[in-house]
1. If I filter segment A:335-345 for residues that are on the phi > 0 side of the Ramachandran plot and assigned to a loop (DSSP other than H, G, I, E, B), do I get at least one hit?
2. Within segment A:345-363, how many residues are open to solvent by less than 30 Å² (accessible area, probe 1.4 Å) and either touching a Cys at 6+ places or on another chain (Cβ under 6 Å) or in contact (Cβ under 8 Å) with a residue 60 or more places away in the chain (or both)?
3. Would you please list the contacts, defined by Cβ atoms under 7 Å and residues six or more apart or on different chains, that run from a residue in segment B:123-147 that is on the phi > 0 side of the Ramachandran plot and of a type outside the set (D, E, K, R) to a residue that is part of a helix (DSSP H, G or I) and open to solvent by 10 Å² or more (accessible area, probe 1.4 Å)?
4. Of (1) closer than 30 Å to A:E445 by Cα; (2) in a strand (DSSP E or B); (3) not β-branched (V, I, T), A:D292 satisfies all except one. Which?
5. Please state which of the following conditions A:Q420 fails to meet, knowing it meets all the rest: (1) in contact (Cβ under 8 Å) with a residue 60 or more places away in the chain; (2) within 23 Å of B:L316 (Cβ to Cβ); (3) open to solvent by less than 20 Å² (accessible area, probe 1.4 Å).
6. Of the numbered conditions (1) more than 25 Å from the chain's Cα centre (by Cα); (2) open to solvent by less than 10 Å² (accessible area, probe 1.4 Å), B:A87 satisfies every one except a single condition; which is it?
7. What tally of residues in segment B:251-302 results from selecting those that are of a type in the set (G, A, S), at pLDDT below 90 and surrounded by fewer than 19 Cβ atoms within 10 Å (Cβ to Cβ)?
8. I need the full set of residues from segment A:102-129 which are in a helix (DSSP H, G or I) and over 29 Å from the mean Cα position of the chain (by Cα), in order please.
2 protein chains.
Amino acid sequence: MKVVKFGGSSLASGEQIQKVYNIVVSDSKRKMVVVSAPGKRYSDDCKVTDLLIACAEGYLEDGEAPDLFEAVIERYSSIARELNLSANIVEKIHDDLLTLLQADKCNPEQFLDVIKASGEDNHAKLIAAYFRHQGVEAHYVNPKEAGLFVSNEPGNAQVLPDSYQRLYSLRERSGILIFPGFFGYNEQGEVVTFSRSGSDISGAILANGIKAELYENFTDVNAVYSVNPTIVQNPKEIRELTYREMRELSYAGFSVFHEEALIPAFRAGIPVNVKNTNNPSALGTRIVNERDNTNGPVIGIASDQGFCSIYVSKYLMNREVGFGRKLLHILERNGLSYEHTPSGIDDISIILRQNQMDHLLEKEIIDQIKRELHADEVKVEHNLALIMVVGKGMRHNIGTMAKASAALERARVNIEMINQGSSEVSMMFGVKEEDEKRAVQAIYEEFFVGVVV
Amino acid sequence: MKVVKFGGSSLASGEQIQKVYNIVVSDSKRKMVVVSAPGKRYSDDCKVTDLLIACAEGYLEDGEAPDLFEAVIERYSSIARELNLSANIVEKIHDDLLTLLQADKCNPEQFLDVIKASGEDNHAKLIAAYFRHQGVEAHYVNPKEAGLFVSNEPGNAQVLPDSYQRLYSLRERSGILIFPGFFGYNEQGEVVTFSRSGSDISGAILANGIKAELYENFTDVNAVYSVNPTIVQNPKEIRELTYREMRELSYAGFSVFHEEALIPAFRAGIPVNVKNTNNPSALGTRIVNERDNTNGPVIGIASDQGFCSIYVSKYLMNREVGFGRKLLHILERNGLSYEHTPSGIDDISIILRQNQMDHLLEKEIIDQIKRELHADEVKVEHNLALIMVVGKGMRHNIGTMAKASAALERARVNIEMINQGSSEVSMMFGVKEEDEKRAVQAIYEEFFVGVVV
């Protein structure tokens, strides 16, 4: 049995939903379908979820938001028209949403969650109706009735462990089950939504619950790419990567989706297959717990900007027990979280995201470090980019660093910082932001040109 | 005016002292001479200081140590014979040492310090006598009378700041001044010795005190070498290096002398010239505050063994504010000092000297980290060597890392860890101990063969 999840763009129009239908019925194991709310049909289109949020806010402020309400309904009815569905399905959605919007608003956060969730919930009903219209047995499944219970954290719900067991019984049901993503119910029976990529989370929870053999995650790309396509044109597709590798790639701004969404599936050892709704015959990318270490040491390259480094030097620092601990404590006290701490003998640098520090706080931190640790010198270097070169077992591959650094030399990129020695699957380079693209392109050239990934 | 310091091997025999005499009188600026106790004449010879320690311990335990006492005296008298000095200088030494050994022993530590210091003190008197015997005006200078006062920490005395001013007046004295190294006097007027390389410290303090133009440190090597001669045969000599570079080299078991001994000279901006008593015409090595960045990026390579790494991994570690601080606190609480902390996204490694941890403590630390930080995995890797590649401005030299790592690849050495990004003058590689020599040789080949340093 497989869990199949479709993103908003895969369900944005009748035409897209027909593709989804064909994908689902083409494999009898695709019994559990998790759906998002209608997404964008074209680049400057509006997602239904965004319309719903604006609509809910309108009701909270003015008690109404007629245009937005109509805009939402129009999205559903245009889809229904394309699919030749009877008008009454849209009427049901209309009445349902209106009821929700007119409900009690004493808890605005809870109200907002309910309205947001209706996007997926109503779309699931519509899609189930279309499947039946096509002559297939299909049922909308309500998460509460299925037993998906979550913590009461609106916008950041965490699944409650005993949900899995209850969801397992969905295996017994007949027909194709259409399950709305993005939300569950708290113990009071109220809707609570997950964080971003909420439908990915729902799919992963279901995959775990029904002990699926595979979790298919349909998006609008053919695969996870080995490097950011905006930096390298037509980059190689990754056929298979481990969850650990994906996590290291995601860390530095590299994401098809938010990798934490997949945790429930990986906890149950269920592989994930990222596929393209618009090109379902493409193999896509399999994300697994273990893979063969073929195709060279490097599987992907990720990079991100907006880092800075706080350099602290003090003579005989390395004799001073507790210096590092005290330094980190100063950061902690000021609510700063850091990424890495390369160190020399009498100096240490702290690499952190610079958006955490405005000019004032920066000055304050420098003062505190000088005052409390009697540092000889404290200076901040801004606008650094971190480049993550990721590949299983790379660390034990003699020569990987030689290749990477030679590539950077050819690109005339100065390495500001290297962090290697802990992660088994990645090494990290710090460079100036203006060098980021050239650096990534050079490393890609080195490891991927003429290599099958 | 120059301060000239001679080590024990430069003063081990009459023949050596004649060399010293010729060196001093060959330059009229060499007015202040700091001397050590007689050192080894041949590899399995005994240093007078070691004889004195054994002798003092004998007196503490048995109230006498005739053979050791005689052995000390015999060293002086053999030197006196070689130099055709009258016997009464040796009698003075004999009587002086006997008086010291028979003195009150209620404070054994203080007693030991006095006996140790007598090695330099008596040798200074002997050498001054020889200089006079040669017809040169020379005077023994007693540190107390000259005003060299120190903190009362036997074996680890720290100079008291106001000493410098008093020492300045030595400039006014006529003739060559022979100053015993290794000790000063506490405020009660008692002898207190410096730490190891004590005579180097005395020389540096005097250089600062009299505002010397140069501190000449005579040893038995022609220069500071660019790499450990036991690893690379006939390595290149370093003509000039900065104090900062020497410090980074010294860190990893690379030392002509203990670099901290030179601090007083560097505080006063006085350059140090390391020269060879047995080959005084050799240029030696100049240690300065600033140097031109010529001769390529790398000036020296140092390495040391006996490190281990504690690897800690925990899922979502990089979200956990304070994790690093708590981890370092556990080490601190257990009295462990660490060297570096390379980190991944969900993991961090702590590199430390493994002689700090026996098997039991290691197990205990692992338990504490698991228990208190709920780490997913904690493991210790033993027998690592750290290799320090040092050179001013290297960090901003594009391609240095490429060269170094390419060299390691050619030597089939796997890089366990790289630490670069904080020190301006070094980068560090962690390798397995069994790879250390091959790694150092390869890096030396890469940076030094065909290069003038």
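1. Checking segment A:335-345: at least one residue is on the phi > 0 side of the Ramachandran plot and assigned to a loop (DSSP other than H, G, I, E, B).
2. 2
3. B:G147/B:R166
4. For A:D292, the exception is condition (2).
5. (1)
6. In the conditions (1) more than 25 Å from the chain's Cα centre (by Cα); (2) open to solvent by less than 10 Å² (accessible area, probe 1.4 Å), B:A87 misses (2) alone.
7. 3
8. A:Q102, A:A129
The values are calculated or read from the model by the stated rules, or taken from the named source; none is laboratory data. This one's a predicted model, so the numbers in the text were calculated from it and none came from an experiment. Heads up, the Cβs are rebuilt from the backbone with ideal geometry, glycines too, and the neighbour counts pull from every protein chain shown. Side chains are part of the model used for accessible areas, which takes the heavy atoms of the whole protein and leaves out ligands, DNA and RNA. Shrake-Rupley method; radii C 1.70, N 1.55, O 1.52, S 1.80 Å.
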